[in-house]
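Rule-based calculations on the coordinates, nothing more; no lab input. Here the structure is a predicted model, which is why all the values come from computation and not from measurement. Here the Cβ positions follow ideal geometry from the backbone for every residue, glycine too, while neighbour counts run over all protein chains shown.
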Amino acid sequence: VVEAAIRSIRQAQAEDLPCVDVDQLEKVLPQL
Amino acid sequence: KDCFLSEEEFKLWNRFYRLRDSDEIKEITLPPVQFLSLQNEENRSLIKTQEPSSGIHQLSLSEWRLWQDHPLPTYQVDHSDRCHHFITIMQMIEGMRHEEGECSYELKVKSYLQMEDVS
Amino acid sequence: RFSHQQRLKAAVHYTVGCLCSEAAADTQVQLSRQAVAAIAEVTFRQCENFAKDLEMFARHARRSTINTEDVKLLARRSNSLLKYITEKNEEIAQ
């Protein structure tokens, strides 16, 4: 869970977004 | 005869399959796997996704996610349980993509929440 | 049986919500409810995979009880995770 959260947050930060949404999770999901 | 290529096979490999220096892509790699959650704070921020040097193509695990929301045809061996789980999650994400604020999943699940289950 | 699973899923969802807020605490980034729900579902399904694997490991060792050795096998694919789980296990053992 923590890994999914951190990676999604990283993805949102990389996209300069203030909020993690399912789009960001979707991108990191395969790596999880 | 043994586990190595024969003379003939080697020629075939060399001609058709071997990546050469002249090829635009000289090497294929998978993205590095580290558990960010196990790193402490300082070196967690140090881990930059390194830009692979030229000629090395890093495969993307998410580039083809558009195709990953339904099981593709199989031949003799079915998709694994994990694969079916992954597909279901991708479908779930697709369904929630345009949801704003209130979350349908949460509303459905919340009614079953009993705090003694949590502790 | 169905409501038992639904109760488990609700508990997982609640806990995932707490963990996600903790993970997001020292960043300026929030997680949407939908993202938390998706992570909860991933977690719930991953636990199903883990349960099957653990049962298999225990049966392979001719045990009817799943123990921490089986849990370590779950983490076998990542050295850092295995090391972390092993340390946690020793802590618990003490």
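Brief remarks follow.
- Calculated from backbone phi, Karplus (6.51, -1.76, 1.60) coupling profile of the stretch B:54-62 in Hz, x at Gly/Pro: 4, x, 9, 9, 8, 5, 9, 8, 10
- With Cα atoms as the point set, the radius of gyration and Dmax of the stretch B:1-40 evaluate to 17.8, 53 Å.
- Sites listed here are GluC sites (Glu not before Pro) in the stretch B:1-35 whose DSSP assignment is loop and whose Cβ has at most 15 other Cβ atoms within 10 Å: B:E24.
- Overall Cα dimensions of chain B, principal axis frame, Å, largest first: 68, 47, 32
- Taking amide H atoms as placed 1.01 Å from N in the peptide plane, the amide H of C:Q30 lies under 5 Å from those of A:C19, A:V20, each 5 or more residues away in sequence or on another chain.
- Report summary: the helix-based calculation at 222 nm, which adds -39500 (n - 2.57) for every DSSP H run with n ≥ 4 and divides by the residues of the protein assembly as shown, gives -17500 deg cm²/dmol.
- Estimated inter-spin distance, B:T88 and B:D117, nm [label 7 Å along Cα→Cβ]: 1.6 nm
- Taking C:M56, B:M115, B:M90 and counting other C-beta atoms within 10 Å, the order from fewest to most: B:M115, C:M56, B:M90
- Two-decimal log10 I(q)/I(0) for the protein assembly as shown, as the Debye equation yields it once each C-alpha is a single scatterer, q = 0.08, 0.18 Å⁻¹: -0.42, -1.57
- Global geometry of chain C, whether rounded, prolate or oblate, following the gyration tensor of its Cα atoms and the 1.5 cut on a/c: oblate
- Residue order for C:F50, B:F86, fewest other beta carbons within 10 angstrom first, comes to C:F50, B:F86.
- For B:L61, no residue whose modelled amide H falls within less than 5 Å of its own remains once neighbours fewer than 5 places apart on the same chain are excluded.
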